[in-house]
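Have a look at the structure below, then the notes.
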């Protein structure tokens, strides 16, 4: 064996063994980085993508939307039923505070989308699987319907059960443009404050809730 072979680790075999050791070290470091990332990822973020919990998330969307419609439409119904005694400020604050509360106590479970356009927006951004969108929309619609039925059973057909209609002095096209702009602002606020496809944490809760109050004015 020559001196050159000794320095090179015994020829081709030694070089091959050296490369194997280097690759093993690189793989180990890569695995350690992945493990560290997973450890830093919150449990609620991992659970949100676990399909075994989808039924729980759908119920969360249904219940959260039920509360939102009950507060939002219910405020309009109460304002009409009491001839304006609760005041406009209270009527627009109620849904905003409801959304704030729902995000804080349910955002980690279902994401607190509470609106079909929000689920679609998250899917368009690539944060939410399209296969989950129909289930979320169905749950949201059922929750809204149940809230409307509760309001009708309680107050009767007052103020069109809080349905969004053009106000006095506004034409249908004008109302459509206003709703489109306000909806764009709402979705932008949600996308800007959400964690992936989840409205979660105080930043998202305060931001989205405050926007709903301002938009309601």
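List of remarks:
- Tally of residues being within 19 Å of residue 50 (Cβ to Cβ), in a helix (DSSP H, G or I) and in contact (Cβ under 8 Å) with a residue 12 or more places away in the chain across the stretch 124-156: 5
- Residue count, the stretch 42-70 (criterion: more than 30 Å from residue 161 (Cβ to Cβ), more than 15 Å from the chain's Cα centre (by Cα) and assigned to a helix (DSSP H, G or I)): 4
- Of all residues in the stretch 71-83, those being under 17 Å from residue 210 (Cα atoms) and either without any contact (Cβ under 8 Å) to a residue 40 or more places away in the chain or not in a helix (DSSP H, G or I) (or both) number 1.
Conditions tested, residue by residue: (1) within 23 Å of residue 191 (Cα to Cα); (2) surrounded by 14 or more Cβ atoms within 10 Å (Cβ to Cβ); (3) at pLDDT below 95.
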position	(1), (2), (3)
29	no, no, yes
39	no, no, yes
43	yes, no, yes
75	no, yes, yes
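Listed here are the residues, each with its yes/no results for (1) loosely packed, with under 13 Cβ neighbours inside 10 Å; (2) over 24 Å from residue 118 (Cβ atoms); (3) at pLDDT 95 or above; (4) not assigned by TED's automatic domain parsing to the domain that holds residue 59.
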residue	(1), (2), (3), (4)
134	yes, no, yes, no
139	no, no, yes, no
144	no, no, yes, no
159	no, yes, no, no
165	yes, no, no, no
179	no, no, no, no
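- Selection within the stretch 185-204: residues that are at pLDDT 95 or above and closer than 24 Å to residue 145 by Cα. The member of this set that is farthest from the chain's Cα centre (by Cα) is 186.
- Complete set of residues in the stretch 84-98 that are on the phi < 0 side of the Ramachandran plot and either loosely packed, with under 12 Cβ neighbours inside 10 Å or assigned to a helix (DSSP H, G or I) (or both): 85, 88, 89, 90, 91, 92, 93, 94, 95, 96, 97, 98
- Within the span defined as the stretch 188-209, every residue fails to be farther than 30 Å from residue 47 by Cβ, touching a helix residue (DSSP H, G or I) at 6+ places or on another chain (Cβ under 8 Å) and assigned to a helix (DSSP H, G or I).
- Within the stretch 118-134, the set of residues being under 21 Å from residue 203 (Cβ atoms) and touching a helix residue (DSSP H, G or I) at 6+ places or on another chain (Cβ under 7 Å) comprises 118, 119, 121, 125, 128.
The values are calculated or read from the model by the stated rules, or taken from the named source; none is laboratory data. What you are looking at is a predicted structure, and each value in this text was computed from that prediction instead of being measured. So basically every Cβ, Gly included, is an ideal-geometry build from the backbone, and we count neighbours across all protein chains shown.
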